[in-house]
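What follows is a set of notes on a single structure, which appears directly below.
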Amino acid sequence: MFRNVLCLALGLIVGVQLTELWDYMTLTGEEYESTAIAADTAASLTRPSLADWLFHETRVLCLVLTMPAHHKTKAAKVRSTWGSRCNKLIFMSSEDDDALGAVNLNVSESRDNLYSKVRAGLAYAYEHYVEDYDWFLKADDDTYVIMENLRMFLYPFDPEAAVFFGHRFRTSYPHGYMSGGAGYVLSRDALRRLNLFALNNTKFCPLNTYSEDRQIGYCLLNVGVTAGDSRDEHGRERFLPLHPRHLMPSIQNGTWLTTYSYFTPNMSDCCSETAISFHYTKMHDYDRYEFFLYHLRALGLPEKPTVLPTKLTYEQMEQKLDFWNQQETDQTVPLS
């Protein structure tokens, strides 16, 4: 009796295994591929995108220069579009606005006071957030920033290196400065050096009414912060100090952009495919940029990046800083 039960149990087990083997062997290639695609699709729905991952890996605090008259217009557009993709968004203003995220920096509104206002904004960011974020972006309320491209560009670099990036202009001092309208981004160490050694030293960082971008650049370079090169592998700019209509299909020769840019612009191929910012954004431009960048889809395009660039080692970062420090402008037209 026991032997019969044992044989019956073994027979059932063998039968079940043979059935599963037969099912596996007869599964067509098409059915197997469909199963694999379904499994991959289900996994992709739960897997964070590269942009989402970078949001947590490369943390950017955005400081946007504005004024009370723009709180409900330009600043509101920034907040509802690209500013929503910052890790932290602060508007540098002369009035507090909790709903917007504006901070009163106690600097009166005047073009002559923009430098003082940005100094106060960078001091505020240092005092409250220097250890909470990796990079600190300064932009105007008519700047549009593609945050995903900014993070992808910044990812390889160490935020504890003394460096800042943007669209580099030449001036009376050799290393130049970064355009305020295109936006410039400071590493954590650059912000630290600016506050610890520059803002409290009128020799390194004099108080005056000159343009804020030139003066901040002067302050940074005086405390050993390197002006980094943000161009792509083809020499095309990522930070653009003009609206696209002034850059495409070609840059007009003889303009202030061709005169003051640190590197001679490519007149017919100005802009990187991984561009980061544009300046002189009008009210209707914010929604246009959002539609064309984040909603419009051409079949099969664009290809999404699936891997991140390699992070630089300490030695590689030092080599980059040395190389950038030795760069010289290739412009031959004298500055006016």
### Task
For segment 81-140, report the translational diffusion coefficient in µm²/s to the nearest whole number, using Stokes-Einstein at 10 °C, 1.306 mPa s, and a Kirkwood Rh over Cα pairs.
130 µm²/s
#### Entry: segment 176-308: mean projected area of Cα convex hull, nm²
10.7 nm²
### Message
Can you compute the modelled spin-label distance between residue 202 and residue 95, with each label point 7 Å from Cα toward Cβ, in nm?
### Response
3.3 nm
#### Entry: Between segment 254-312 and segment 129-180, the alpha-carbon center distance in angstrom
15 Å
### Message
So if I restrict to the alpha-carbon atoms in segment 250-336, what is the Rg, and what is Dmax, the biggest pairwise distance, in Å?
### Response
18.2, 48
#### Entry: For the chain, size of Cβ-based charge dipole, Lys and Arg +1, Asp and Glu -1, in debye
800 debye
### Task
May I ask for the Kirkwood hydrodynamic radius of the chain, worked out over all distinct Cα pairs and given in angstroms to one decimal?
22.6 Å
### Task
Could you pull out which residues in segment 54-92 have an amide N less than 13 Å from a spot 7 Å beyond the Cα of residue 104, following the Cα-Cβ vector?
68
### Message
To the nearest 20 Debye, how big is the dipole of segment 160-245 about its Cα centre, given +1 on the beta carbon of each Lys and Arg and -1 on that of each Asp and Glu?
### Response
140 debye
### Message
Out of the total accessible area of the chain (probe 1.4 Å, heavy atoms of protein only), what percent is carbon and sulfur?
### Response
56 percent
#### Entry: Cα-projected label distance for residue 264 with residue 307, points at 7 Å along beta-carbon direction, nm
3.5 nm
### Query
In the structure shown, do any of 117/304; 74/117; 72/304; 138/203; 117/320 have a Cα-Cα gap over 28 Å, and if so which?
117/304; 72/304; 117/320
### Query
Along the charge dipole of segment 138-277, Cβ charges K/R +1 and D/E -1, which of 260, 219, 190 sits furthest on the positive end?
219
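For the chain, what is the accessible area per residue in Å², given a 1.4 Å probe and the full set of protein chains?
I get 55 Å² per residue for this part.
So for segment 145-214, averaging the separation of alpha carbon pairs under 8 Å that are six or more residues apart and normalising by length, what relative contact order in percent results?
Values: 66 pairs, mean separation 20.7, N = 70.
Over segment 145-214, the number comes to 30 percent.
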### Message
To check you understand DSSP bridge types, tell me what percent of the beta bridges within the chain (both residues inside) are antiparallel, rounded to 5.
### Response
40 percent
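The values are calculated or read from the model by the stated rules, or taken from the named source; none is laboratory data. This is a predicted model, so every value here is computed, not measured. Note that we place each Cβ from the backbone using ideal geometry, even for glycine, and neighbour counts take in every protein chain shown. Only protein heavy atoms, including side chains, enter the accessible area calculation; ligands, DNA and RNA are left aside. Shrake-Rupley method; radii C 1.70, N 1.55, O 1.52, S 1.80 Å.
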